[in-house]
Each structure stands twice: as structure tokens, then as C-alpha cells.
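Below: the structure, in C-alpha cells.
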């Protein structure tokens, strides 16, 4: 065998120009993934615990009317999860949606709830003892804008495969 020549067929020899399209593709995937992560708005200052989680034997067709905006929600509910959350002063849950309806009960403190569709970014203040329902397909953020912790329970009513939380980018209607 001559020095400097490989005994491998030419298809197996190192040919750097063949790897360039693969590297370019990998870099573009990484850039798109990083951009998606940068747009998401995860929460800060919030801790949570799953209190209970269960599945119904069969989906139950359900229909809800949200009184605030007369939104009609239909879902085949199958998975139920209950979570307990504490939001420290200055905490925020991040912009998000849910994979199905969620019932929330505030047990202490005051929670400020903002909707992604409100061009004026008005807070709906919810005090201890208040309850509300999020329909699931609604972008919103909850914040503790007080000096006291907020405690709440959330009951997630999800269809099979429904996500408890779906991070969303800030819709741009609020300064935060």
C-alpha cells in the first residue's frame, strides 16, 4: 500500500464537504429550538405539589360556560389532577395555557390574573375564598403583586393526553 492513500473505497473516505449540509441542518435546528425556548415565559417564585392524580375509567363528555366572557368549553374529560401552589411575593406563573379546564380556589392572599387578549392589560384581583375557571385554551398569567404569599389549589380536568401546562410566549399586551 502506498503512503498517503487509503484502502477504503471512496464512499468511505473522509470528505468534509459531505458533512457541511448535516452541520448546517443541526445548527438551524438548534437555533429554532433556542428561539422557541426564549419566547416561552416560565414562572418564577412559585412552588407546587401534586396532591392527587387519577384517571376516569372512560372519558366523560363535558361542557362548561365561562361566565366572564361567555366562552363555551367542551372536552372529553378523563384525567383529573389536583395541585397545591404557593406564590411568594413578586412571583409570577408565566404566560401559559392548559390542555383542558382548570378550577382554581385561592386559599390565602391576593392573586392578579391577566388575559392575553386584553389590550389594556387589566388585572382581575382574586382574594382568599375566590374561585375561578380557566377554560384551557386561553393564554393568561397569574402574578402575586402583594407583599404576602398567595396559596391556591388547582383542579385540572384534562382529556386523554391533555397537558397540565403549556408555556406560551408573552402576547405583547402587557409590559411584563
> How far apart, in nm, are the 7 Å Cα→Cβ label points at residue 65 and residue 52?
Replying inline: 2.9
> With the contact rule set at Cα under 8 Å and sequence spacing of 6 or more, what percent relative contact order holds for region 61-110?
Replying inline: 25
> Taking the inverse of the average 1/r across all pairs of different Cα atoms in region 44-167, what Kirkwood radius in Å do you get?
Replying inline: 14.8
>> Please compute the contact order of region 44-167 in relative form: average sequence separation of alpha-carbon pairs under 8 Å and at least six residues apart, divided by the residue count, as a percent.
In response: 34
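None of the figures in this text is laboratory data; all of them are computed from the coordinates on show. These figures come from a predicted structure and were not determined experimentally. When we count neighbours, we look across all protein chains shown, and the Cβ atoms used for this are built from the backbone with ideal geometry, even at glycine.
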